[in-house]
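The values are calculated or read from the model by the stated rules, or taken from the named source; none is laboratory data. Please read these numbers as outputs of a predicted model, since none were measured by experiment. Positions of Cβ are generated from backbone atoms using ideal geometry, with glycine treated the same way; all protein chains shown enter the neighbour counts. Ligands, DNA and RNA are stripped out before the accessible areas are found, and what is left, the full protein with its side chains, is counted by its heavy atoms. Shrake-Rupley method; radii C 1.70, N 1.55, O 1.52, S 1.80 Å.
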Amino acid sequence: MTTPTSRPTSRPTSADVLVVGAGPAGSAAAAWAARAGLDVVLADAATFPRDKTCGDGLTPRAIGEMQKLGLEDWLRAHTVNHGLRAHGFGQTLLLPWPGGSLPDWGSAVARTELDDHLRTVALKSGARGLDGARAVGVRREGEQVAAVEFRDADGSYEISCRWLVVADGVRSPLGKLLGREWHRDTVYAVAGRSYVDSEQSDDPWISSHLELRDEQGELVSGYGWIFPLGDGTVNLGAGTLATSSRPAEVAIKPLMQTYADTIGTQFGLSGDLRMPTSALLPMGGAVSNVSGPNWALIGDAAACVNPLNGEGIDYGLETGRFVAEHIASGTGLGEAWRSTLVEHYGESFSIARRLAGIATQPKVVAALGPAGMRSDWLMTLALRWMGNLVDDADRDRAARVWRWAGRRSMARDARPPFA
């Protein structure tokens, strides 16, 4: 086994399971597959540690998956938060994580550290790591993928595989080679993040500003966030929602600066915004061709991103575990994998992206935002729904209503999730 700190002495030529992309989704898939006794290669175009545009927040859903991987003690050595502090329209509400079948706490870890640690977990579980290797082509035998072509500083080579897991992020270049298509008629996001020094780096609450305004003071259909990292800094970011018919017309980096200027005194911010980056996020399963006979897209590559809050780490960790279970059990991929995605996420993604689509209209936000922020009960319910904190095991009224709405929404979708 390759140790977490070393590179293979020679390039691997074959694997039972080849995982392309070593973010949370790919590393989780590699860890679970290796623990099931499969020969796994985990490849990534970058050399770790590497950065990733992200809010860095870990919701209770993500915490639950990391607990399954055995990482609770590691997480508790980082910042722990109790829930969301929601700001907007003259109101501030403290909304604790609801708990129930999921953990009642969250965290935030910079992706430079989180992804590197998750990759190390996969390598310690038995996967072989390969970094600095970009997937540039596939070789098929009939409908199956027989091998993936990689390119690094020394040239091109192939790795053959029985199973291929594609976890190469929102753009998913390998997914595109396999036929993945992103449909922008449903809601997507343009989001940015930065790091800034803050006196509230140890704040036990994450903050979200639902009344986000641009340099001209106009209301933007999106929100800003402050996620304390416990190291003297916070992750400060902003995102706006769009569809092909209502595209985003906001420059994200200036919007983040305006947001920081607006809340700077309140959150004890100081210094410049560091490492500002932005990304375009397909959301809510708005992709088709997510699997073939022996290959599957997971995490961001499969647009498993929450349309209401932009969260994707939890779905990445979950889909990594699910795909490893499919492979290890002999269930197979292809239509079975698409059906698994629909079963776990179809209803919630359908209703969430419908609601998010309504939120792309600033006039609607201006009309409904003040009323919502006046109700602790309504916002607590919204936190649970928006954060996808309804688990399959939940049977309370709020969970039943969410599932009912999801079923009704799915029945009316011109293009359901993952179709």
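Working note: Karplus 6.51/-1.76/1.60 with θ = phi - 60° gives region 145-151 the couplings 7, 8, 7, 10, 8, 10, 9 Hz, where Gly and Pro are set to x. Taking a virtual spin label 7 Å from the Cα of Asp185 along the C-beta vector, which residues in region 381-419 bring their backbone nitrogen under 11 Å of it? Answer for this model: 413-416.
Considering only DSSP beta bridges where both residues belong to the chain, give the percentage that are antiparallel (nearest 5).
Counting DSSP beta bridges with both partners in the chain, the antiparallel share is about 75 percent.
Carbon and sulfur: what percent of region 208-336's accessible surface (1.4 Å probe)?
Values: 2160 of 4450 Å².
In region 208-336, the share of accessible area belonging to carbon and sulfur is 49 percent.
Extension gain, Thr112 to Ala46: 0.36 nm times the residue separation minus the Cα-Cα distance gives 22.6 nm.
What shape does region 145-196 take by its C-alpha gyration tensor, where a ≥ b ≥ c are the square roots of the eigenvalues and a/c under 1.5 counts as rounded, a/b above b/c as prolate, and the rest as oblate? Oblate, because a/c is 1.5 or more while a/b does not exceed b/c. Working note: Karplus 6.51/-1.76/1.60 with θ = phi - 60° gives region 16-25 the couplings 5, 10, 9, 10, 9, x, 10, x, x, 5 Hz, where Gly and Pro are set to x. Per residue, the chain exposes 40 Å² of accessible surface when a 1.4 Å probe is rolled over the protein heavy atoms with every protein chain present. Summing Lys and Arg as +1 and Asp and Glu as -1 over all other residues whose Cβ lies under 13 Å from the Cβ of Met410 gives a net charge of +4.
With contacts taken as Cα pairs under 8 Å and at least 6 residues apart, region 210-321 reaches a relative contact order of 15 percent.
The distance from the alpha carbon centre of region 215-293 to that of region 88-116 is 16 Å, rounded to a whole number.
Kindly provide the helix-only [θ] at 222 nm of the chain, computed as the sum of -39,500 (n - 2.57) over DSSP H runs of four or more divided by all residues, to the nearest 500 deg cm²/dmol?
Numbers: 12 runs with 132 residues, N = 419.
Theoretical 222 nm ellipticity from helices: -9500 deg cm²/dmol.
Ordered by solvent-accessible area of protein heavy atoms (1.4 Å probe), largest first, the residues Cys54, Cys304 come out as Cys54, Cys304.
In sequence order, region 279-294 has phi-based couplings of 8, 9, 10, x, 9, x, x, 7, 9, 10, 6, 8, 6, x, x, 9 Hz under the Karplus curve 6.51 cos²θ - 1.76 cosθ + 1.60, θ = phi - 60°, and Gly or Pro positions carry x.
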